[in-house]
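A.B. asks: Got a structure for you, questions after.
Just so it is clear, none of the values below were taken in a lab; they were calculated from the coordinates. Keep in mind that what you see is a predicted model, and the values were worked out from it rather than measured. Neighbour counts run over all protein chains shown; Cβ positions are idealised from the backbone, glycine included.
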Amino acid sequence: MGYTYDPENIFARILRGEIPNSTVYETEHTLAFRDINPQAPVHVLVIPKGPYVSYDHFAQEASEAEIVDFTRALGKICEMEGVEAHGPGCRFISNAGHDGVQEVPHLHVHILGGRPLGRMLS
Ligand code: 5GP
């Protein structure tokens with residue numbers, strides 16, 4: 001399966017510094033910043049810096065260094081934001097593709113927390 005990456009998507013523009021963002025964490029391969037329309041007191045978007053549309057694209061084409069960096073960043077940001085699982089906890093959401101209603105076609109994980117989030121599996 002070939003993946004097409006749109007270099008004009010909003011997160012690509014954030015990565016190029018064309019649009020300002022509120023960065024909370026950055027490494028060689030990963031950037032995390034606050035969602036512009038937060039749905040909870042903690043609402044951070046975590047993205048790989050590479051041009052990946054979705055997690056399946058990332059899993060196929062990213063290097064092990066990128067995958068390790070991204071995965072570690074998710075846990076690190078939870079701790080930094082005080083929403084780690086052995087504390088109050090949080091939720092990761094990654095909307096993918098049409099049925100997942102993904103608006104921005106660059107892989108991202110939402111980290112939501114800071115309030116009870118309720119049950120959500122629909
Ligand atoms: P999706 O629906 O693709 O999973 O989520 C995209 C998210 O990106 C939404 O929660 C939306 O609020 C956020 N977003 C869209 N444009 C911008 C922007 O320019 N800056 C930031 N920080 N977040 C954005």
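A.B. asks: Could you grab me the full set of residues in the range 90-100 that are more than 6 Å from the ligand (Cβ to nearest atom) and farther than 15 Å from Ala32 by Cα?
C.D. replies: Listed by number, the residues that qualify are Cys90, Arg91, Ala96, Gly97, His98, Asp99, Gly100.
A.B. asks: Every residue in the range 5-36 that is in contact with a Pro (Cβ under 9 Å, 6 or more places away or on another chain) and of a type in the set (Val, Ile, Thr), please.
C.D. replies: Passing the criteria: Ile14, Thr30.
A.B. asks: Go through the range 55-68 residue by residue and tally those that are in contact with a His (Cβ under 8 Å, 6 or more places away or on another chain) and surrounded by 18 or more Cβ atoms within 10 Å (Cβ to Cβ).
C.D. replies: Matching residues across the range 55-68 total 1.
A.B. asks: Please give the strands (runs of 3 or more DSSP E) falling wholly within the range 1-115 in which 3 or more residues are free of Cβ contacts under 8 Å to residues at least 12 places away in the same chain and under 14 Å from the mean Cα position of the chain (by Cα).
C.D. replies: Filter on the range 1-115 gives an empty set.
So that you can scan it fast, the table gives a plain yes or no per residue for (1) loosely packed, with under 14 Cβ neighbours inside 10 Å; (2) in contact with a Ser or Thr (Cβ under 9 Å, 6 or more places away or on another chain):
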position	(1), (2)
Glu79	yes, no
Gly82	yes, no
Cys90	no, no
Asp99	yes, no
Glu103	yes, no
Val109	no, yes
